[in-house]
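The values are calculated or read from the model by the stated rules, or taken from the named source; none is laboratory data. The structure presented is a predicted model; accordingly, all values stated were derived computationally and were not measured. As a convention, Cβ positions derive from the backbone with ideal geometry for all residues, glycine included, and neighbour counts pool all protein chains shown. Just so you know, the surface numbers come from the protein's heavy atoms only, side chains and all, with ligands and any DNA or RNA stripped out. Shrake-Rupley method; radii C 1.70, N 1.55, O 1.52, S 1.80 Å.
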Amino acid sequence: MKIFTYMKEYDYEQLVFCQDETSGLKAIIAIHDTTLGPALGGTRMWTYETEDEAIEDALRLAKGMTYKNAAAGLNLGGGKTVIIGDPKKDKNEELFRAFGRYIQGLNGRYITAEDVGTTVQDMDLIHEETDYVTGISPAFGSSGNPSPVTAYGVYRGMKAAAKEGFGSDSLEGKTVAVQGVGNVAYNLCSHLHEEGANLIVTDINKEAVQRAVNDFGAKAVDTEEIYGVDCDIYAPCALGATINDETIPQLKAKVIAGAANNQLKDTTHGDILHEKGIVYTPDYVINAGGVINVADELNGYNKERAMKRVETIYDNVTKVFEISRRDNIPTYAAADRMAEERIQRMRHSRSQFLQNGHHILSRR
Ligand SMILES: NC(=O)c1ccc[n+]([C@@H]2O[C@H](COP(=O)([O-])OP(=O)(O)OC[C@H]3O[C@@H](n4cnc5c(N)ncnc54)[C@H](O)[C@@H]3O)[C@@H](O)[C@H]2O)c1
Ligand SMILES: CC(C)C[C@H](N)C(=O)O
């Protein structure tokens, strides 16, 4: 992989490789853009086949966080970490503490939180070494696990998408096909079940599937079957790139609305969905609930304030559909436009120098 060529093409600021022999830590911190503020984004722990695959995942996820934070109206830039390893076997205290020291070394340019493969307990270990971590235990005044809040935001965004696709935001009687019933999707299923939606679920983890079957009366299908099931809404809630050349022809859903990051394999797939009249809800707009919640910690966490902001996901999704219709562009492009315009506006409005915080000579 030509790293500098890639970084230049998509305007990345920084890529940090972290190696600690004692703990076995191998991590990549990608900082995409800090125009709006420090880069906030989670830490993913995953078994990557190759180092290039891990680097690419970190870079793509970090850029997604720039757009997610900008579109959500947060004063934060975008970054992300991937730790190369098996979250079931390779975790230890030293590893997360070593990683925490690397974050501390960035002196606030990057703030972390949970993502796939990491937990509140892992964040607590990172917190032993740095304050630049959110989503730690509520006992520290933190917001805790972001997943239930992400799920609530996805639920609200799905309602806005249903309004666009079916003319009503009621999900009662709608059939939703959920791919991956992990931390976010289990909570999403709970909201959908409560509203009277029918659920079809799949996961590579059989216990996760069984829990959804038992708790919500969901119908289980095999992992490859999920794309072609008869449903109104497809909710991708596992990993990325599941909307691609192989899966699009199978889809029967009119609406796509789910939690996963980087759902489109690439932008051409967003174009195809647009041509087919499938309502695609841009991933980083609908799944911003978690980051909105953890970002509130930077002001001293207030749940009521955070949840009020999470409610805006419904309006943000609606706005993306409006831009898409107005400018006749696919929804992913409409979301990018919304995020990029905000970053550009802020970049320009900061051209005037204003002393903020400490006097620049105060430490002499
Ligand atoms: N946790 C959050 O707050 C949050 C916020 C925003 C976005 N996201 C994104 O949402 C997605 C889910 O996050 P999560 O925290 O629930 O993760 P998770 O690891 O708890 O859940 C993911 C689930 O997907 C399953 N899975 C993996 N590959 C699969 C496949 N090929 N087919 C079917 N199932 C498969 C896993 O077994 C797991 O149960 C991720 O893409 C994540 O980046 C999460
Ligand atoms: C900051 C976190 C809550 C990040 C979350 N994993 C996301 O992708 O939005």
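Take the residues in the stretch 8-45 that are among the acidic types (Asp, Glu) and assigned to a strand (DSSP E or B); name whichever of them is least open to solvent (accessible area, probe 1.4 Å).
Result: Asp33.
Hey, any hits in the stretch 107-115 for a residue that's more than 11 Å from ligand 1 (Cβ to nearest atom), open to solvent by 30 Å² or more (accessible area, probe 1.4 Å) and within 17 Å of the chain's Cα centre (by Cα)? No, there is no match, as no residue in the stretch 107-115 is more than 11 Å from ligand 1 (Cβ to nearest atom), open to solvent by 30 Å² or more (accessible area, probe 1.4 Å) and within 17 Å of the chain's Cα centre (by Cα).
Of Gln210, Gln179, all but one fail to be more than 16 Å from ligand 2 (Cβ to nearest atom), assigned by the TED database to the domain that holds Ala220, buried (at least 24 other Cβ atoms within 10 Å of the Cβ) and more than 16 Å from Gly289 (Cα to Cα); the exception is Gln179.
Quick one: would you say Gly73 is away from ligand 1 (no atom under 16 Å from the Cβ), open to solvent by less than 50 Å² (accessible area, probe 1.4 Å), on the phi > 0 side of the Ramachandran plot and modelled with pLDDT of 95 or more? Yes, satisfied.
Looking at the stretch 145-159, is at least one residue at pLDDT 95 or above, part of a loop (DSSP other than H, G, I, E, B) and within 27 Å of Lys88 (Cα to Cα)? Yes, the conditions are met somewhere in the stretch 145-159.
Residue-wise test of (1) within 21 Å of Val310 (Cβ to Cβ); (2) under 24 Å from the mean Cα position of the chain (by Cα).
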{"site": "Val154", "(1), (2)": "yes, yes"}
{"site": "Lys159", "(1), (2)": "yes, yes"}
{"site": "Ala162", "(1), (2)": "yes, yes"}
{"site": "Gly167", "(1), (2)": "no, no"}
{"site": "Ser170", "(1), (2)": "yes, no"}
{"site": "Gly173", "(1), (2)": "no, no"}
{"site": "Val209", "(1), (2)": "no, yes"}
{"site": "Val213", "(1), (2)": "no, no"}
{"site": "Asp222", "(1), (2)": "no, no"}
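Within the stretch 21-42, residues that are under 14 Å from Phe99 (Cβ atoms) have Cβ atoms under 6 Å from residues that are aliphatic (A, V, I, L, M) and in a loop (DSSP other than H, G, I, E, B) in these pairs: Gly42/Ala113, counting only partners at least 6 apart in sequence or on another chain. Can you name the residue in the stretch 83-106 that is in contact with a helix residue (DSSP H, G or I) (Cβ under 9 Å, 6 or more places away or on another chain) and more than 14 Å from Met123 (Cα to Cα) and is also surrounded by the fewest Cβ atoms within 10 Å (Cβ to Cβ) among such residues? In this case the residue turns out to be Gly85. Test Leu192 against the stated conditions and say whether it is in contact with a His (Cβ under 8 Å, 6 or more places away or on another chain) and either under 19 Å from Ile278 (Cβ atoms) or more than 16 Å from ligand 2 (Cβ to nearest atom) (or both). No, not satisfied.
Contact annotation: residue pairs with Cβ atoms under 8 Å, 6 or more positions apart or on different chains, pairing a residue in the stretch 94-105 that is assigned by the TED database to the domain that holds Gln14 and over 13 Å from Ile29 (Cα atoms) with a partner that is assigned to a helix (DSSP H, G or I) and of a type outside the set (Ser, Thr, Tyr), are Phe96/Asp122; Phe96/Leu125; Phe96/Ile126; Arg97/Leu125; Arg97/Ile126.
Of the residues making up the stretch 238-253, those that are in contact with a strand residue (DSSP E or B) (Cβ under 6 Å, 6 or more places away or on another chain) and under 15 Å from Ala185 (Cα atoms) number 1. Per the conditions (1) within 17 Å of the chain's Cα centre (by Cα); (2) open to solvent by 30 Å² or more (accessible area, probe 1.4 Å), the sole criterion not satisfied by Thr268 is (1). Of the conditions (1) buried (at least 17 other Cβ atoms within 10 Å of the Cβ); (2) more than 16 Å from ligand 2 (Cβ to nearest atom), Gly300 clears all except one; give me its number. Of (1) buried (at least 17 other Cβ atoms within 10 Å of the Cβ); (2) more than 16 Å from ligand 2 (Cβ to nearest atom), only one is false for Gly300: (1). Considering (1) outside the structural domain of Tyr12 (by the TED database); (2) more than 10 Å from ligand 1 (Cβ to nearest atom); (3) open to solvent by 50 Å² or more (accessible area, probe 1.4 Å); (4) not hydrophobic (A, V, I, L, M, F, W, C), the lone condition that Gln121 does not fulfil carries the number (1).
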